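Working notes, structure below.
The values are calculated or read from the model by the stated rules, or taken from the named source; none is laboratory data. These numbers were taken from a predicted model, which means no experiment stands behind them. In this analysis, Cβ positions are derived from the backbone assuming ideal geometry, glycine residues included, and neighbour counts consider all displayed protein chains.
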Amino acid sequence: MKKNGSSFDKKTDKKASSRKDSRLKEFKRSAKEFWQEFKQVRYGIVGLILLIFFVLMVLLEPFIIPFPEAGDRWSDISYWIDNPRSASPAWTNWFSSKKSTVHEFLSEPEFQVTETPQFQVQEGTFIYDYKYDIPPGELTLKARGKGNIVVEAELIRPDGEVINLVRKNYNSRNETEIRIALGKEAETRIINFGRTYESAENSRSVQRHLLKPMEILFSKAEEGILVNAEPLKGEYQIKLRVVTMGQDSYFKDSEIVVSGKVFGLLGTDDAKRDIWSGIVVGTKWAIFIGLLTALVSVAVGIIYGVTMAYFGGWLDNLMMRIYEIFVSIPMLPVLVVFSAVFSPSLWILILFMCVFYWTGPVLTVRSMALQIKEETYIEAAHALNASTGRIIFKHMIPQLIPYAFANMALSVPGAIVAEASISLLGLGDASVVTWGQILHAAMKSSAVLKGLWWWVVPPGLTIALLGMTFAFLGFSMDKILNPKLKTR
């Protein structure tokens, strides 16, 4: 008996294994056929290439952005404090006749230290090689210090002129960060320096609030320095003298931040945030929002449409009336009102989009399901007393999976644009970095009027490209799969 039982088990296992191998071979054959047809659709290949590009952006995010905490600290102004404000992309210098200052850091020099029992004196010189046509926005001295500290700085220009920049006292019991905007601190002295070389007529004609200290600082000392400054290129020396009083006092880790007019791959906004980092971080949220919304809404729509077709009669009429009600309600105004009344949340936004987007595939699915309902294998399932759930989920819905994939791909762009529209109006989830949030900040700051195109074009372009990616994939799948559905 044991031998017979063991033999029966082996035969059963072999049959199960054979069925699995058969299914696997059938799947491989179908996938190969689909790929052969897909390759013939050119815009499908373009969509696939774009999708791979966006997926790589998500996977390589930690390695391709200069600010790894950008997603978590997008609204933390202190995280971006060393960046220049409203700087254009660095590559714009390649196409400009006048070169803008590149953002850089001048490292701590070798200090000469003089010590006495009462105080310590540190003296060092930062060297800056200025070779641009448009001067930096600011020179910022940053360091860490504790105790009673006196900081003095002066700038020696390539022409030998010396300008005193700052003299400040600090007194702190605990270690603190010292930040000094040298150009702002020395604004009056820099302007007075410029007036000594400017003609009396030009000095009277120009208004003080229109003068830019950094332009004067990096211009030739000659007539026109206030109104038509010509850049003075060469080696600038910033001499730093620091006096620390008391045994526990210290001054260390000093450097000078040269706030350039160009920065990074896509520049910065007026909060000094790196646009490229925001675009890359926003990619994963755009894909997540689009795919999750499309997956849920298409799944609900297919189940709803199949149920209508299967039961028919009064239930079909009732479900059709419910469908018509949801179709007639405009989604965007409802989302705007809801987001304005309640605290904006990404999950609530996705839920609301699913509530409205499920209607998309219903009528098409219903018409397909009415045909499938009359097939012989459905009648056979009825004859074998198969349950309603088994017939719908085991026999009918699997026939609609190809259409579901095509419809899901076509639904993704709408979800992405809807989220961007809500965020653009300021009603999105501010805790999440999305392309819509970046556009909203640009709109609030009048980026277009200020000419900050790099703040507007990249997020708008990525929204269009990602939407186009899934549209191309959806159209290509629809072109390949729909003829097969019609012949079933």
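If a residue must be in a loop (DSSP other than H, G, I, E, B) and either at pLDDT 95 or above or not aromatic (Phe, Trp, Tyr) (or both), how many such residues does segment 102-131 contain? Residues that pass the stated criteria total 9.
Residues of segment 230-273 that are part of a loop (DSSP other than H, G, I, E, B) and within 20 Å of ALA87 (Cβ to Cβ): GLY260, LYS261, PHE263, GLY264, LEU265, LEU266, GLY267, ASP269, ASP270, ALA271, LYS272, ARG273. For the residues LEU384, LEU461, LEU449, the requirement of being over 21 Å from VAL46 (Cβ atoms), aliphatic (A, V, I, L, M), surrounded by fewer than 16 Cβ atoms within 10 Å (Cβ to Cβ) and modelled with pLDDT of 90 or more singles out LEU449.
Among the residues of segment 145-200, the ones that are outside any helix (DSSP H, G or I) and touching a Gly at 6+ places or on another chain (Cβ under 9 Å) come to 17 in all.
Within segment 446-469, the presence of a residue that is closer than 23 Å to THR283 by Cα, in a helix (DSSP H, G or I) and among the basic types (Lys, Arg) is excluded.
With the condition kept exactly as written, say whether any residue in segment 413-423 is charged (D, E, K, R), within 21 Å of THR462 (Cβ to Cβ) and assigned to a helix (DSSP H, G or I). Yes, there is a match, as at least one residue in segment 413-423 is charged (D, E, K, R), within 21 Å of THR462 (Cβ to Cβ) and assigned to a helix (DSSP H, G or I). Evaluation of SER86 against the conditions (1) in contact with a strand residue (DSSP E or B) (Cβ under 9 Å, 6 or more places away or on another chain); (2) at negative phi shows that the sole unmet condition is (2). The one condition from (1) part of a helix (DSSP H, G or I); (2) within 29 Å of LEU424 (Cβ to Cβ); (3) out of contact with any Ser or Thr (no Cβ under 7 Å at 6 or more places or on another chain); (4) of a type outside the set (S, T, N, Q) that PRO344 does not meet is (1).
Condition check ((1) touching a residue at least 12 places away in the same chain (Cβ under 8 Å); (2) surrounded by fewer than 19 Cβ atoms within 10 Å (Cβ to Cβ)) across all residues:
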position	(1), (2)
LEU291	yes, yes
GLY313	no, yes
VAL334	yes, yes
MET353	yes, no
THR359	yes, no
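Taking the numbered list (1) over 30 Å from PHE472 (Cβ atoms); (2) in contact (Cβ under 8 Å) with a residue 24 or more places away in the chain in turn, GLU115 passes all entries but (2).
If a residue must be surrounded by 18 or more Cβ atoms within 10 Å (Cβ to Cβ) and under 28 Å from THR462 (Cβ atoms), how many such residues does segment 293-311 contain? Number of matching residues: 6. Of the residues making up segment 87-128, just one is hydrophobic (A, V, I, L, M, F, W, C), closer than 21 Å to VAL243 by Cα and in contact with a Gly (Cβ under 6 Å, 6 or more places away or on another chain), namely PHE111. Scanning segment 336-351 for residues that are surrounded by fewer than 17 Cβ atoms within 10 Å (Cβ to Cβ) and in contact (Cβ under 8 Å) with a residue 12 or more places away in the chain yields VAL336, PHE338, ALA340, SER345. Starting from residues that are among the polar types (S, T, N, Q) and loosely packed, with under 12 Cβ neighbours inside 10 Å, keep the ones in segment 82-123 and report whichever is farthest from LEU141 (Cα to Cα). Going through the qualifying residues, I end up with SER97. For segment 129-175, residues that are over 30 Å from PRO231 (Cβ atoms) and surrounded by fewer than 17 Cβ atoms within 10 Å (Cβ to Cβ) total 8.
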